[in-house]
Structure formats: C-alpha cells, structure tokens
Amino acid sequence: MKRILLFILAIGLFMTGCKDFLDMPPKNVKVIYTTEDVKEAMSLFLVGTTKSNAGGYSPKSLDNLVYYGGGRIIYPFSRYVNICAAMASDDVEMLGFVNENMSSPARGGSTYAREFSEIRNWESYRFANQTWKAAFLAVGYLNNVLNDLSKVPDYDKTEHERISGEARVIRAYYLFRLNALFAPYDNNNYGIPMTLDAEVTSGSSRWKQTDIYKTLIHELTEVLEYETVPKVSWNIFYNERIIKAILAQLYQYKAESCAGEPDDWSKAETYAREARDGARIENTVDEQKELNYAPADQSYYTLDKPHLFALLRIAHPGDGGNNYAPWGIPSDPQQKVNPELFAMYDAEDIRVSVFFKVVNNSPCWVKLQSRGSVDVCSESHPLFRFSDLLLIEAEAKARQNAPEALSLLNEFKSSKIPGYAGYQGNDVLDEILRERRKEFALEEQMRWLDMKRLGVSVSREALDDDNKVQVYTLEANDYRYALPIPEESELMYNNISQNPGWPASKED
C-alpha cells in the first residue's frame, strides 16, 4: 500500500505540465515541508531509475512507474540509447541490419527500422530525442528535490548529505554524459544548456563547455568533501569511488577537447587509480559472461553495488525482452560484427566466446544478452567497470609518456588472453585504445564517444530506402558526432541554437 501511495505522491508533487525539460519551475507543486518528504521523493527517483525501462514492457506493478513532467523516470541511457549508439559506432556490420533474418520480422533490426533509416548516415534524430528527453526529465526532478531539500525546517546533516549527495552526483553524471553526446568536441561555445536551479523560469541558454566542466567538477568534488557515510541500503551513486570514477571519465573525455587543460590527464590517472583501488578485472570466460550478460534469474531487477567487477550494475526488464532487441537471443543471434573489429581478437581471448557466436562462417553478436525469459532481467548496465578504470589510468599514463602505461596494458591483456607473454609492439597508446574498442563494444555509448574524442573516420555499407547498397561516410570531427538538439522538446520552446552543421529544423 505504501508503494502505491508513493507512486501517487510522485504524480501529485512533481507533475508540472511544463514542456521544457530543462526548465521545471515548481508551479502548482505542493511544498514539501520535511526532510522525510524529500527523502521519499528521492527514493521514488531511485525506484524509477533502477526498475523502469525505456520501452513499453514493465512488470505488472505500480512501484516501477514514476511519472514527472509528462514523462517517466528511467535510467536515461537505456538499452534503446545503447542500441542507437552501437548503430552509430563501428561495432556492427550495418549491411543487413534490418533484413538479415526476416524469418523473425518482429525481432532483430526490423524493430529499429526507423532508427536505422536515420543512423545509417548518422542522422540521429530519434536517438537524440529519446536521450535528451529522458535525461533532462531526470535533471528537472533532481533540481526540485535539491530545491526542496534546501528549504526544509528540520535540517539534519546526515540525511541532508545522503539525499543531496545522491541527487548531485546523479545530476552531474547525467549532465556530463549529455554534454558528451550533444556538444561538438571542438567548439567551446556549444555546450548543452543547463540549469541547476528549479526556480529559474526564463529558459536556459547554451553554456560554454569550459563552464560546464568547471561546474560539474565543483559539484562532484564538493560532494567528495561530505562527512556523512552513505547508507548502503539506500544510496546508489553517492559513493566515494563512484564519484572518483565519474571524475576519471570526465577528465579523460575533456582532455583533448576544446575545454581541455594541461593537468586533465594527470587528474584522470589519479581518479581512475583511486576509484579502482586495486580491484582486479574479470579474467575467465565465466566471469566475463557473468558481467556482460543480463542476469538469468527469475527476478524483475537486480542492483549490484558494487558488482565484483564494476562499482555499480543496474539490470531490469528491457522493452520486450532480448528477443526484441537487435541482438536476438544467444541461440538465434541477429546481428553481424564489424569484420575489422572481430579480426582484432586473439583466438585464445576469453571475450571471443562471450561476445560472439559464429553462424554460417559469420561472427554475430551475443554480448549483453539475457539467458532468461521475457519476464526477467534482459537489460543490463555495468557502470564504472574496473576494466574501464584500469584502461583510463593506462591511457592517461601513456599520454604523459609514463613507462607504467606498459605494465597496466600487460595487466589488462593478461586478464583477457591466457598465457599472454606481454606486449611487444612500439605503440602502447594505440594498443590501449584498441583494447578499449574490443572490451566496451555495444556498452554504454563508450565506443561512440571514444570515436568522437579520437576523431575516427569510418565508411560503411548499408541499404538505402530502395534496398540498394550505399556507402555512407563519417569524417573525423564530423558535425554529426554531436547529436542534433531535438526540435520538439527544446528548440521550439527556448531560444537555443542548433549544433553547427545540423539544420535549424529537421524539415529544412
């Protein structure tokens, strides 16, 4: 009964009716008077984040439906977003994506035919709109939580820091990921629009990226100074190691960008090392499989904090189960791997049997699949993986010409290739970047963002609307690396300039 009441509370307290996801003024919103009320509101957000998904499927209970501002609170970088990012990356063989297995037309790429028609040439309007809407709904909700928390009369430092720490860390993480996806890498003037104030009602303009990073770093480092120990049974992102992992990712991403500073790589190295704190990475087939496959148990969701090989893993039912994702199911994979990527793996590499299944002499993806039914966990998000933190530290050392980069690279490769004798090549940085591509394919937009920051050029074949093979090309530093600001959810309601290269309106 309490869960249903909390669900109703979410509607009553936080539905604003505002069409601007950035700007959520607390109009017609009941004032929250106590710390406990704010904590319940934040608890609802965490329920939505860990139990809801981006699609139409959900367990038949109200406690995973948290509505706010005309939308649903979910983990915004959902499987839908990862599928779109995988199509945009060079992980997938795009020729045949929508029609390789038409014996199962409800499954595979045909479910994402509309997204494919755009992303084959990196015109990612649907991808952009879904990501923008879900993430900024969450940011608006968190702005209101923090605004209400600042006004409660019964201040309690312990509860205040646990609630505030959770809200500020998640908000900073979402805004960082949004800026990485939507802001051009080489143009400081086109950072995303931001507001951290729930009472701002005048609309938000685009920030300089230097100011965005300065603000987000301040938010995260200030929370690091909190004295309150997180409550393990409640807090998720408010965790010292997770905060440092976010900072490591942030410094790595911005280091070579228009907002880069001389000490970025040094800071990325330090935060990555401290966040990993000596933890080992997966080094057997079973461990790699357990990490990357969605749990096959009979529960609606799992929350591992930490996971044995990551600081956090969220897993819950996807939109229809994995048979409705482009990857199919392990016994019937749907999508082929980019042959260039597949050729990078050693035959003995533990990832080969976990990530791929060869069908008719063609390697197909089976990574990130559920071995359960449609009614159990089929969407998995392993976040802040120790493999990522190790490779961030290794890349940072290589960028600074530190000899320790080689030992970290060998540590990583030895965990993936039994009996590995050590790297004998001359370009340690290039090998580290190759390992990132091999390890994080399909995961959390990581390859797409690496392509963006590294200035990767790619050409590929895909079918056009007339089912003819066309070659599509994305140049290094192409404007299409910055997703278009959605017209429906932002450009129509605020005086926001579109990213350079994109038309002001999709119809132009």
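The values are calculated or read from the model by the stated rules, or taken from the named source; none is laboratory data. Model, not experiment: these values are computed from the prediction. Cβ coordinates were reconstructed from backbone atoms using ideal geometry, including for glycine residues, and neighbour counts include every protein chain displayed. Accessible surface is based on the protein model in full, side chains and every heavy atom, while ligands, DNA and RNA are left aside. Shrake-Rupley method; radii C 1.70, N 1.55, O 1.52, S 1.80 Å.
Expressed as a whole percentage, what fraction of the accessible surface of the range 74-225 belongs to carbon and sulfur atoms when a 1.4 Å probe is rolled over the protein heavy atoms? Intermediate values should be presented prior to the final figure.
Numbers: 2130 of 4750 Å².
C and S fraction of accessible area: 45 percent.
I'd like to compare 251-259, 328-336: which one has the highest average count of other Cβ atoms within 10 Å, and what's the full order after that?
Working: 251-259: 22.0, 328-336: 19.9.
Listed from highest to lowest mean packing, they are 251-259, 328-336.
Put +1 on the Cβ of each Lys and Arg and -1 on the Cβ of each Asp and Glu in the range 195-289; which of 229, 250, 198 then has its Cα farthest toward the positive end of the dipole?
250
Per residue, how much accessible area does the range 224-372 have with a 1.4 Å probe, in Å²?
41
Might you report the magnitude of the Cβ-based charge dipole of the range 447-491 about its Cα centre, with Lys and Arg at +1 and Asp and Glu at -1, to the nearest 20 debye?
Working: 6 positive and 10 negative charges, 77 e Å.
The dipole of the range 447-491 has a size of about 380 debye.
Leaving ligands and nucleic acids out of the surface, order 447, 385, 114 by accessible area at 1.4 Å, largest first.
On the way: 447 25, 385 5, 114 150 Å².
Sorted descending by solvent-accessible area, the residues read 114, 447, 385.
For residue 495 and residue 296, what does the FRET efficiency come to when R0 = 45 Å and r is the distance between their Cβ atoms, rounded to the nearest 0.05? Mind showing how you got there, number by number?
Numbers: r = 49 Å, r/R0 = 1.10.
The calculated FRET efficiency here is 0.35.
To the nearest 0.05, what FRET efficiency results for residue 479 and residue 347 with a Förster distance of 30 Å applied to their C-beta separation?
Numbers: r = 40 Å, r/R0 = 1.32.
Calculated transfer efficiency: 0.15.
Would you mind working out the magnitude of the charge dipole of the range 115-181 relative to its Cα centre, with +1 at each Lys and Arg C-beta and -1 at each Asp and Glu C-beta, to the nearest 20 Debye?
On the way: 9 positive and 9 negative charges, 39 e Å.
With only Lys, Arg, Asp and Glu charged at Cβ, the dipole is about 180 debye.
When ligands, DNA and RNA are left out and all protein chains stay put, how many square angstrom of accessible area per residue does the range 127-210 have with a 1.4 Å probe?
Values: 2510 Å² over 84 residues.
Using a 1.4 Å probe on heavy atoms only, each residue of the range 127-210 averages 30 Å².
What whole-number value in Å² describes the accessible area per residue of the range 387-503 for a 1.4 Å probe? Please list the in-between numbers first.
On the way: 4770 Å² over 117 residues.
Value for the range 387-503: 41 Å² per residue.
Using the structure shown, select from 305/452; 39/151; 39/214 the pairs with a Cα to Cα distance greater than 18 angstrom.
Details: 305/452 30 Å; 39/151 13 Å; 39/214 28 Å.
Correct reply: 305/452; 39/214.
At most 10 other Cβ atoms within 10 Å and a DSSP loop assignment: could you name the GluC sites (Glu not before Pro) in the range 144-193 that fit? Intermediate results must be reported in sequence, preceding the final value.
Working: sites: 159, 161, 166; in loops: none.
Here no GluC sites (Glu not before Pro) fit, given the DSSP loop and packing criteria.
Given +1 on the Cβ of Lys and Arg, -1 on the Cβ of Asp and Glu, and no further charges, what dipole in debye does the range 204-346 carry about its Cα centre, rounded to the nearest 20? Spell out each step's value before the answer.
Details: 15 positive and 23 negative charges, 53 e Å.
Value, rounded to 20: 260 debye.
Which value, in Å² rounded to 10, gives the accessible area of residue 450 with a 1.4 Å probe and all protein chains present?
About 10 Å², ignoring ligands and nucleic acids.
Between residue 411 and residue 214, what is the label-to-label distance in nm when each label sits 7 Å out along the Cα-to-Cβ direction?
3.5
If the chain between residue 427 and residue 466 were fully stretched, how many nm would it gain, using 0.36 nm times the residue separation less the Cα-Cα distance?
On the way: separation 39, 0.36 × 39 = 14.04 nm, distance 4.38 nm.
Result for the pair: 9.7 nm of gain on full extension.
In the range 209-260, if every C-alpha pair distance is counted and binned at 10 Å from zero, what percent goes to each bin?
Result, from short to long distances: 23, 48, 23, 7, 0 percent.
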